[in-house]
Amino acid sequence: MSTSPFERGRPTRGGYRDVTPAETLAARGAVRLVDVREPHEYVGELGHIAGAELVPLATVAVATRAWPRDRDVILICRSGGRSGRAAEAMVAAGFARVMNMAGGMLAYTAAGLPVER
């Protein structure tokens, strides 16, 4: 039985855990993938991970209000900064299993992992 990437993730001071791009790809379908970039970035040069839902950073607080607080969520952005801020905000709002894809889509595409555009 495989464990969630949350258990393997690296804890941060912000209360969320960092996971690798490979762990993010492997968890696709089992966790909620949320891309917090802007729409033009989601379809732009770096593309996005298949199955990731677009929730721009400015809309995260409102969009997540009705989401279950105990479900695994991995946040994604260009380099990991915006998704880290979104992760901190979600932890502050009571989400218990929040992860940030370390290095963002820059690290994901550098690893040669599959994207959609």
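Just so it is clear, none of the values below were taken in a lab; they were calculated from the coordinates. None of the values given here were measured: they were computed from a predicted structure. Neighbour counts run over all protein chains shown; Cβ positions are idealised from the backbone, glycine included.
For the reader, a short list of remarks on this structure follows.
- Selection within segment 1-28 - in contact with a helix residue (DSSP H, G or I) (Cβ under 7 Å, 6 or more places away or on another chain), assigned to a helix (DSSP H, G or I) and closer than 18 Å to A89 by Cβ: none
- Look at segment 68-94: where a residue is closer than 18 Å to R28 by Cβ and a partner is among the acidic types (D, E), sitting 6+ places away or on another chain with Cβ atoms under 6 Å, you get I76/D35.
- Residue satisfying all of: in segment 14-35; over 17 Å from R97 (Cβ atoms) and of a type in the set (A, V, I, L, M, F, W, C); surrounded by the most Cβ atoms within 10 Å (Cβ to Cβ) among these: L25
- The set of residues in segment 62-108 that are within 18 Å of P39 (Cβ to Cβ) and part of a helix (DSSP H, G or I) comprises V62, A63, R82, S83, A86, G104, M105.
- For segment 13-26, the count of residues that are without any contact (Cβ under 8 Å) to a residue 12 or more places away in the chain and under 26 Å from T3 (Cα atoms) is nonzero.
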